[in-house]
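The values are calculated or read from the model by the stated rules, or taken from the named source; none is laboratory data. Just so it is clear, the structure is predicted and the values come from calculations on it, not from any experiment. Reconstructed Cβ throughout: ideal geometry from the backbone, glycine too, with neighbour counts over all protein chains shown. What goes into the accessible areas is simple: the full protein's heavy atoms, side chains included, and nothing from ligands, DNA or RNA. Shrake-Rupley method; radii C 1.70, N 1.55, O 1.52, S 1.80 Å.
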Amino acid sequence: MNGNTTTPLLSFRGLKKSFSGKTVVDGISFDLYPGQVVGLVGENGAGKSTTKNMLCGLLEPTGGQILVDGHVVERNEGHAHGISAVHQELSLFGSLTVAENMCIGSMPGSRLRIDWREMERIVREQLDFLGMDIDPHATVNSLGAGMQQIVEIGKALLHADKVLILDEPTTSLTAVEREKLFLILDKLRDRGIAIVFISHFLEEIYRVCDSYIVLRDGQQVASGQLADVTQRQLEALMVGRSFENSPDTIRPVTGSCEALRVENLGSADFRDISFAVQRGEIVGIAGLMGAGRTEVAEAIFGLRPATGDVHVHGKVVPERSVAGMKRLGVCYLPEDRRVNGLFLNRAVRENLSVAAISRFIRRGLFKLGFSGERQATQAVVDSAGIAIPHINVRVDALSGGNQQKVLLSRWMATEPEVLVLDEPTKGVDIGAKFDIHTRIRELAEHGAAVVVVSSDLPELLQLSHRILVMRKGRLVGEFSREEFDSVRIISLAASVDDKVA
Amino acid sequence: MKNTIRTVFTRQKWLPIAIANVAFATLLALVSPAFLSLSNFQSMLVQSGVTAIMAVGMTFIIITAGIDISMGAILFFTSALFAQLMLDTQSYLLAFTAAMCCATLLGAINGLLVIRFRMSPLITTLATYSIYRGMAIHMTGAQNIPVPREMGFLGNGRVMGLPVPIILLFVIVVLGVYVLNHTRLGVYARAMGSSARSARESNLPSNSVTVLVYGMGGFVTGVAALILLARVGGLQSGIGIGIEFTVIAAVILGGTKLTGGSGTVIGSVFGAFFLVLIDNGLNLLNASPYIYDIVRGVVLLAAVVVDRVSARRQEQVLSALRASRLDEASSSRCTRGRDGEQALLGQR
Amino acid sequence: MIKALSDSVRSYPVAPVLVALFVGFSLFSPYFLTTGNIEAMLTANSVVLIASIGMTLVFLMGGIDLSISTVISASAVIAGLVMAASGSVLLGALAAMLVGLCFGLLNGLLIGVLGLTPFITTMATQLIARGVAFVLSKGIAVQGTPYSMMDFGFLSIAGVPAVTWAGLLVVALCLLALTQTDWGRHVMLIGSNRNAARYAGINVRLTEVSVYAVSGVLGGIAGFISIATLGNAIPGVGDTLLLIIIGAVVLGGTTMEGGEGSIARTVLGVGLLSVLISGLNLIGIAFYDQLIIQGLLIFFGTWLSMKLSTRRH
Amino acid sequence: MKVFISLLFALAMSAASLAQAQDKVTLGLSVDQLFESRVGVNNAIKAEAEKRGYDLVEVVADGDAQTQNQQIQSLITQGVDAILVCAVDQNTIERALMAAQRAGIPVVAYDRDLPDSRVVAAFVGPDSLSDGREAGAYTAAQLKEVTGEKVVVELIGALNDQNGIDRSKGFREELAGLDNVKLVEVPTDWDSARALSGTQNAFQANPVVHAVYAATDTHIPAVETVLSDLEKLKTVGEEGHVVVTGVNGSNDGYQAVLKGTADGIVVMDLEATGQTAVDLATRLMNGESVERVNVITGNFYTTDDIEANKDTIWGAK
């Protein structure tokens, strides 16, 4: 497979990256030979993106060596060394054509005239090379996600054609599109391009790659030929032993009083979603990015249109809306706190009180004013352990963990009986994560029904009474606490076929 | 078939306004036989000339997601400078060169301020509007300055039977179309308006493009200034002030969105022409001159509402496409797969 | 103490400049600090003050209302016509507010519900309002305005013109609404992050519609006040005001991106522009040079307050 | 910061110059907007004031009625001895003028009358009605020979301006004597660009036009442009010549008549207007009584006599 070449295109020796003294990734060492496809796997937060960014030259490592064609280089120059990357968020221009997108970095022709024929030739050649029949004149907006992905790959390869790094290229693709992509990757491999393939889907890794690197907690824990390991072993390597058994410090659900029931919820992004949550129960929803978990959560709150019913405390909700749900004691903590959660240029005080203003203030004459808000929010800040200089500081000045606590406290203040928490600990430090987990448990113990959507499987294993697994817009599995098995859950969430379940 | 039509419409953004032009013109022709003469047609083209020429520049600016409120003031200042220099020096060469350089410079200054101070283009050009206008009146003392008779050539001379303003319009439009579609500048401009983030990640020379685009806006305003000056017969204090809103309206009618990214020069020219058609029609109907504003406002509103509604429809198509992905995931992959493929192919 | 002072200077960067200009003009022109001049300044700027408050609300919510200037004209004309026909000042005031409300609702529905771009939408309604003003008045001042309107314009309470009191009343009411009610809080939060507001259960559409409606009503009140200050309703009264209104708001430090700024800042912005114009007139700067100075002030003033507010954090 | 420093410097300079002018007579000049003929009268006023040793404070409202009110107030505050005013809108200035009356400052309106004002002691300016009549009479005489429908394009000034209204009224009064006249109105708001496109449309809608009347002769070059577009630009006496008349006396009008493309213009006597304005103010200051309305009638010059009268035409260059 590796051909006769003996010098690796690219080698890494003990790569290390620290951000302000905190080591995120350490000990990455591997060689890339022409025609080799390496699968880079690991759980969320294992350090894949950091590694990727060091590989393609976006980040400078704090330690270790990089060798290009066998020679040590001072800096990873990315393109100049023939390395290109396709990131998860594509850097395409929607209103430009395929050809323009692919050639935007170096357009053929002179300053005063683009040589469209030459550009079309280059693009056609590239597309032919990729084996794709895409109209170079179509605008990128008019293409499906799969085609866009391929355009981005074509663009990347035009700039640098020795090493291609693909970060989760299949999350938004259909099966057909994915299959096309794999054929292209096969072709590229046959032409001697080295590929680093980052994915959650182990089937895909087995389909595309010949070797693997497993990252866990920023460490390279294993590497080798895929032929030598089974998928199950690989999954075990990713998850690690420490999370194999979840702590049993969780109080079981007492009684059975249904708080939230979702029936046949369906939309463009998911189908046939039905589940129920008891009071005092914590239900985790696992799944990969793009599985439709957030969409379901948003549909429950009327934030996106969907068919089907939602029942709260046994009664059907006639018209779903955030405000209406709030009145019923149901709240939603959105996934992306910067985009959908926080009012970044407003004070912590306002961010805290927005969802339950009447609980924070004593309305004076004519129902005016916000008196008492300062003290009440300060009390919340103190009890939630949010570290801020003063209550009127802008929320964008806070650390991620404190921001998340602000957001959580905002919804806690509504004294909800049902909570839907979407990625409640994404991007927060360990301490804050622990605090947030404690609060979630306390809530459940006091009788609240909690749904936790998370990509962090260990978190779900620790917190939940029950875990639902979503894949491609459908519920594909359910595990009660006794049945928890991280490897099975991952393989269910990441499998391509339904059979695995 | 229906699909092809839709594709053509979504790709050729100038088509709707072109069709609106033709439809409205047909209507006017039915109402009034005088309408359908060559000379009336020429006259309307000439009338739309100044707006259309400026709209070419404004199109570029709006495509990069910018805006230039000071264009009218640039027009005023440039006319003033030209007239004043002609009066003082009698040198066409000097006056022309100075006026065109100055117009381009004033536009470029807008661009420089936008990239240097990172304030919204609206506020930036609002401030320069006031400054340029003040400078113009300062220079002339609000006097009218006549321009020499020969200057009239620019306004109503003919070359090979064609009025000079139309020729100039034609040249500018051709240049505009060329630059937008066949040079890096044009591609970069569209790219910047399409996604500022991608532009950063792709290392596009955003700063120079911004300055160039605003500079071009200034340049075409200079051309428009000279034509208007020649046609009106001399500098009048305040000439051109307020024209920027007509120009923006023309660009928007032409299918260019304020959010940037896409747009066509041809569409903007049609937009400018449509505004003249409206005037012409109202004139034929002997409508009160004060109705004009109302009709223009309503037409502009109608255009954006139609645009918004069709955008919604497109969103629905996209979400239906997403939904088809769900079906495919569960049912037999083989047949579904082919459907999916067809859906993809059908899109282009 | 010094920190508190520097903090408030940062929140109101315009304040020291305003004080400096005020002191400067008072020193250099013996006429600046006279009751006559101050009174004239207050009277002439009451219309701009009221309209600027409307624009501020829209800016705070992350929008823009270009139509406010000609809504002033349209409501002035219609109020004038109503007063001429009925002889009732009260009916005129109601008519002005109603006209403003209609245009505001139109803007609000198109922007908040249909999702159109504020700039283009209000540019179109600006044209429509202007047309309405000119069509109804046939281009000339409305005849037959009751004399009581002019008396109102002359009326002075506690040394301050009644029209200014009206402006201050509007300021106070809007200040109250913006800082002391849920509605005001929602306006600020929508301006800060429209998505987050939706996810927090705020009725974004309704708030947007209401803000444009309020902006329209304020335009209507400004139109009515213009009849008092001018003695007559003229269709062109708002035409020249748009740039001054936007200038005053951004100069005060309310950004167009939304969520940042305040009514107090706009009051300072209006104050600064009026003091500047009045002072420059008094010291004999030609009006075209005033335009240049105004432009520079709007540019650098806005830049400065933007800088200071980002450095604060 | 530099801006403010230089601003303060400017302040200091002007304060110094202000300080000297305490005991002289000071005239306040409140201008609606700056454009050519207005600047012409203003210059005449300034020259006359200087001749008499008066000081003069000029303020310009830039078309904003509110600003003009404020500026007049500030003139009153500055203690000017008389105010000369040309109103932005004749209906919206009474307020400020009443304050002047209370302060005992006489007010003279120039160029634009304030017919309803209870304050203005005197008006000096053109007799727009008669100016319009002169142009109308000439046009009517020229069209007498025309058989069939007589098409006349009229470029009307701003409709909120008494001068514009009267110039139109006078013109039409004279035309009433002719029968079978089709009058095509082109609103211009005194704006040449609008005049241009309006004229163009009018000529398209009416292929045969016999006469054009411009409420201000600064629009005549625009009319020439349209005529030349249509290859109808003929001088007086040539076959197919369109009768063109106007009111004002700007260089634009003068040149057109000189060339013969226009038949004649009514020239306002700005010099006399300015002198009379200052004279009226002086007499009012001295407590003399004056005529309420002082019109300075314009002179109609045609191609025959315009060159000879160049010196009396304010705009002629």
Spacing of the two label points (7 Å from each Cα toward its C-beta) at A:LEU112 and A:SER399, in nm: 6.0
Under 5 Å, built H, 5+ apart or other chain: amide partners of D:VAL247: D:ALA214, D:THR216, D:ASP217, D:VAL266
Please build a GNM for chain D, connecting alpha carbons under 10 Å apart, and tell me which residue among D:GLN275, D:GLN70, D:GLN90 fluctuates the most. D:GLN70
For chain A, what ratio Rg/Rh do Cα atoms give with a Kirkwood hydrodynamic radius? 1.01
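Can you give the FRET efficiency for D:GLU288 and C:SER86, using 1/(1 + (r/R0)^6), R0 = 35 Å, r = Cβ-Cβ distance, to the nearest 0.05? Write down the numbers at each step before the final one.
On the way: r = 44 Å, r/R0 = 1.27.
Using R0 = 35 Å, I get an efficiency of 0.20.
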Reduced Cα scattering model of chain C, Debye log10 I(q)/I(0), q = 0.08, 0.14, 0.16 Å⁻¹: -0.35, -1.08, -1.35
One finds, for A:GLU77 and B:GLN12 with R0 = 41 angstrom and r their Cβ-Cβ distance, a FRET efficiency to the nearest 0.05 of 0.45
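Could you look at the stretch A:258-498 and say what percent of its accessible area is carbon and sulfur, using a 1.4 Å probe and all protein chains?
Looking at the stretch A:258-498 in its full context, I get 50 percent from C and S.
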Work through the residues other than D:ALA49 whose Cβ is under 13 Å from its Cβ and net out their charges, Lys, Arg +1 and Asp, Glu -1. -2
Amide H contacts under 5 Å for A:GLN278, restricted to residues at least 5 apart in sequence or on another chain and with H modeled in the peptide plane, are A:ALA259
Can you work out ³J(HN,Hα) from phi for every residue in the stretch C:195-211, in order, using Karplus 6.51 cos²θ - 1.76 cosθ + 1.60 and θ = phi - 60°, giving whole Hz and x for Gly and Pro? 4, 4, 4, 5, 6, 8, x, 7, 7, 5, 4, 4, 4, 4, 4, 5, 5
Counting other Cβ atoms within 10 Å of each Cβ, which trypsin sites (Lys or Arg not before Pro) in the stretch A:356-428 have at most 12 and sit in a DSSP loop? A:ARG362
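Can you give the longest stretch of chain A with no exposed loop site, where a site means GluC sites (Glu not before Pro) in a DSSP loop (not H, G, I, E or B) with at most 13 other C-beta atoms within 10 Å?
A:90-318
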Amide H neighbours of B:GLY260 under 5 Å, at least 5 residues apart or on other chains, H built in the peptide plane: list them. B:ALA65
With DNA, RNA and ligands ignored, accessible area of B:THR246 (1.4 Å probe; Å², nearest 10): 40
Where nothing but the Cβ of Lys and Arg (+1) and of Asp and Glu (-1) is charged, how large is the charge dipole of the protein assembly as shown around its Cα centre, in debye to the nearest 20? 3520
Take the protein assembly as shown, drop everything but the C-alpha atoms, weight them equally and run the Debye formula without solvent; then report log10 I(q)/I(0) at 0.07, 0.08 Å⁻¹ to two decimals. -0.87, -1.08
Rg(Cα) of the stretch A:258-498 divided by 2.2 N^0.38 Å? 1.02
Step through the residues of the stretch D:205-214 one at a time and calculate ³J(HN,Hα) from phi using the Karplus curve (6.51 cos²θ - 1.76 cosθ + 1.60, θ = phi - 60°), rounding each to whole Hz and writing x for Gly and Pro. 6, 10, x, 10, 10, 9, 8, 10, 10, 10
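Any idea what the relative contact order of the stretch A:1-99 is, in percent, if you count C-alpha pairs under 8 Å spaced at least 6 apart?
29
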Treat each spin label as a single point 7 Å out from the Cα along the C-beta direction, and report the B:SER39 to B:VAL22 distance in nm. 2.8
Counting other Cβ atoms within 10 Å, keep those with at most 13, restrict to DSSP loop, and tell me which chymotrypsin sites (Phe, Trp or Tyr not before Pro) in the stretch B:229-292 are left. none
Pairs beyond 18 Å (Cα-Cα), from A:LYS367/A:LYS405; A:LYS16/A:LYS52; D:LYS24/D:LYS51; A:LYS405/C:LYS307; A:LYS22/A:LYS48: A:LYS367/A:LYS405; A:LYS405/C:LYS307
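Compare D:THR302, B:THR78 by solvent-accessible area with a 1.4 Å probe and give them largest first, with all protein chains kept in place.
Putting D:THR302, B:THR78 in descending order of accessible area: D:THR302, B:THR78.
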Centroid-to-centroid separation of the stretch D:106-120 and the stretch C:241-292 [C-alpha atoms, Å]: 32
Protein-only accessible surface order, largest first, of D:HIS219, A:HIS71, A:HIS465, B:HIS138 at 1.4 Å: A:HIS71, B:HIS138, A:HIS465, D:HIS219
For the stretch A:258-498, what is the charge dipole size about the Cα centre, in debye to the nearest 20, if Lys and Arg each add +1 at the Cβ and Asp and Glu each add -1 at the Cβ? 1040
Counting as exposed only trypsin sites (Lys or Arg not before Pro) in DSSP loop states with no more than 15 other Cβ atoms inside 10 Å, the longest exposed-site-free span of chain C is C:139-311
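In the protein assembly as shown, what % of DSSP beta bridges are antiparallel (nearest 5)? Don't skip to the end; give the middle numbers.
Working: 53 of 129 bridges.
Of those bridges, close to 40 percent are antiparallel.
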What does the helix-only formula give at 222 nm for chain A: each DSSP H stretch with n ≥ 4 adding -39500 (n - 2.57), the total divided by the residues, and the result rounded to the nearest 500 deg cm²/dmol? -9000 deg cm²/dmol
Give the percent of DSSP beta bridges with both residues in the stretch A:258-498 that are antiparallel, rounded to the nearest 5. 50
Over chain A, what is the mean sequence separation of C-alpha contacts under 8 Å (at least six apart), divided by residue count, expressed as relative contact order in percent? 15
Using helices alone, what [θ] at 222 nm do you get for chain C, with -39,500 (n - 2.57) per DSSP H run of 4 or more residues, divided over all residues and rounded to the nearest 500? -25500 deg cm²/dmol
List the trypsin sites (Lys or Arg not before Pro) within the stretch B:111-155 that DSSP assigns to loop and that have no more than 11 neighbouring Cβ atoms inside 10 Å. B:ARG118
Environment charge at B:ARG184 (Cβ cut-off 12 Å; Lys +1, Arg +1, Asp -1, Glu -1): +1
I want to check the label-to-label distance for C:LEU173 and A:ARG124. Put each point 7 Å from Cα in the C-beta direction and report it in nm to one decimal. 6.9
Over chain B, what is the relative contact order in whole percent, taking alpha-carbon pairs under 8 Å and six or more residues apart? 31
Neighbour net charge for B:GLY217 - beta-carbon separation under 13 angstrom, K R +1, D E -1: -2
Which three extents, in whole angstrom, do the alpha-carbon atoms of the stretch B:98-180 cover along their principal axes, largest first? 48, 39, 19
Ellipsoid equivalent to the stretch A:10-239 - semi-axes via the Cα gyration tensor, in Å: 31, 21, 15
So how far, in whole Å, is the C-alpha centre of the stretch A:322-355 from the one of the stretch B:116-187? 50
Work out from phi, with θ = phi - 60° and the Karplus expression 6.51 cos²θ - 1.76 cosθ + 1.60, the ³J(HN,Hα) of each residue of the stretch C:170-185, listed in order in whole Hz, and give x for Gly and Pro. 4, 4, 5, 4, 5, 4, 4, 5, 6, 9, 10, 10, 4, 4, x, 4
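Mind pulling up the Rg/Rh value for chain D? Radius of gyration and Kirkwood radius, both on Cα.
Rg divided by Rh gives 1.04.
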